[in-house]
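The values are calculated or read from the model by the stated rules, or taken from the named source; none is laboratory data. Since the structure is predicted, the reported quantities are computational estimates derived from the model, not experimental observations. For neighbour counting, all protein chains shown are included, and Cβ atoms are generated from backbone atoms with ideal geometry for every residue, glycine included. Heads up: the accessible areas ignore ligands, DNA and RNA and are worked out on the full protein's heavy atoms, side chains in. Shrake-Rupley method; radii C 1.70, N 1.55, O 1.52, S 1.80 Å.
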Amino acid sequence: MVGPEPRGKVRWTSCCSPTPRRCWTAGSCSRMWVSCSRRSPADTSSRIWNTSWGCCCCATCGAEPTSSSSEEDSEPGSEARSRNSRRSVEEDEGTRDLPTKKKARTEELDPKTRLPLPGCLLSMFPDDDDEALTEDSSLHGGRIRSFKHERGNWATYVYLPYPPEEEFEELLEELLSALGAHGLMLTQQEEFHLSLSQTVVLRHHWIQPFTQSLQSGLSQCGRFACSAATLKVYCNAERTRTFLGMEVSTGHAQLLDLVRVVDKTMIEFQLDTFYKEPSFHVSLAWCVGDQTEKMKELLQELQIMVDDREEGPFLLRLDCVEVRCRTGNKTFRFSLKTS
C-alpha cells in the first residue's frame, strides 16, 4: 500500500486511469475518487473526479496537481469499490434518461395515484362523529332512543300497514288543530300502522332466519278486516313520548292470532314478546314528553269531532292482507292466505 507523501506535498494519480486513485495531502485529504464534476477548486460540494473530462482538481482540499503518475494503489478491495461506484453513477444517470413510456408506467404504480374507495364502502364504516349524530335527539324531532344505537344492531318490529284515506287525513288535520289551540303541538306520524310486536334489537346475522321463521308461521294465517273509531292516549315505557291513537273495536281475536305467531318467533330468538293484554291501535300523532294527563282532558272534545261528522261517524277500516317486518332500513312483506 502506498503511504502518504511527506507533509506539504500533493501526490496525484492519473485522472484517466480505469482504477480509483487517491489524492494525498498531508493531514487534510486522503479520499479515493472515481470521477468529479467540473467545479472550481474552492467548491467543496464536489466530491468526485470526472475522468472523461480530464478534470484534475481535488474538491476536498482544493489543491491543483503538480505531477501525474501511473502508479496504482494496492489497497485491498479498491478495484471492487471502484466498479461499484461506477455502477451506481451509471444507474443514476440511466434513471434520468428513462423512456417516456417507462416513466408513465412508474407514475401509475405510485401509491399517491391510487383510485379512491367508493363512497358505498366508506359509508359502511361510519366514524365516531357519525354515530354521535344518530344519538342527537334534535335531529329526530326531539325523540330519544329506547336503546343505544350500536353497529350491527337493527331495530325491528312487526306490523300491519294502514294506507290513509282522504277522509282520515282531513279528520287528523282537524284534531291536530284543536290540540294546538290548547297548547299541545303534536307531530303527525310519517306512516300509519298497527303494531303486532314491540321494537326489539336484531343482530344482522339473525335477519334471514328471523324473517324465514315469520314467513313460515304467518303463511298459515288468513286475511281479515278490522276497524277503529275510539280515540285513546298512549305513552311509551320510558315516558319520553305521548301518542294520540285510534283503538281497534273489531277484529281483536284475529289480531291476537297474529301476535301468537309473531311471539313464537320472538321466543325462538330470545326477544321480548308483545304485551299480555294489548290495546291494538293505529297511532295518529305524537309529542315529546309525558303529556298523558293533559291530552286525556281533551279526549271528549276530540271524540266528538270523530263522531259528529257530516258524513257520519268516522270509522278507520284496516284490511289485513299483508304483515310487514321493518328491520333497520329494510322492509319484509308476508302475505296472508285467502279464505
Within the stretch 242-257, track down each residue that is more than 17 Å from K337 (Cα to Cα) and open to solvent by less than 10 Å² (accessible area, probe 1.4 Å).
T242, L244, G245, M246
When the stretch 258-275 is checked residue by residue, the ones that are open to solvent by less than 20 Å² (accessible area, probe 1.4 Å) and not polar (S, T, N, Q) are L258, V259, V262, M266
Looking only at residues in the stretch 157-189 that are touching a Phe, Trp or Tyr at 6+ places or on another chain (Cβ under 7 Å) and assigned to a strand (DSSP E or B), which one is least open to solvent (accessible area, probe 1.4 Å)?
Y162
Consider G312 against the criteria (1) open to solvent by less than 30 Å² (accessible area, probe 1.4 Å); (2) in contact (Cβ under 8 Å) with a residue 12 or more places away in the chain: it satisfies all of them except one. Which criterion is unmet?
(2)
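Conditions (1) surrounded by 14 or more Cβ atoms within 10 Å (Cβ to Cβ); (2) touching a strand residue (DSSP E or B) at 6+ places or on another chain (Cβ under 6 Å); (3) not hydroxyl-bearing (S, T, Y), marked per residue:
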{"site": "E277", "(1), (2), (3)": "no, no, yes"}
{"site": "G289", "(1), (2), (3)": "no, no, yes"}
{"site": "K296", "(1), (2), (3)": "no, yes, yes"}
{"site": "I304", "(1), (2), (3)": "no, no, yes"}
{"site": "R324", "(1), (2), (3)": "yes, yes, yes"}
{"site": "T327", "(1), (2), (3)": "yes, yes, no"}
{"site": "K330", "(1), (2), (3)": "no, no, yes"}
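Could you tell me which of the residues Q208, Q220 is open to solvent by 50 Å² or more (accessible area, probe 1.4 Å) and either touching a residue at least 24 places away in the same chain (Cβ under 8 Å) or closer than 18 Å to S279 by Cβ (or both)? Spell out the reasoning first.
Numbers: Q208 fails: either touching a residue at least 24 places away in the same chain (Cβ under 8 Å) or closer than 18 Å to S279 by Cβ (or both).
From the options Q208, Q220, the qualifying one is Q220.
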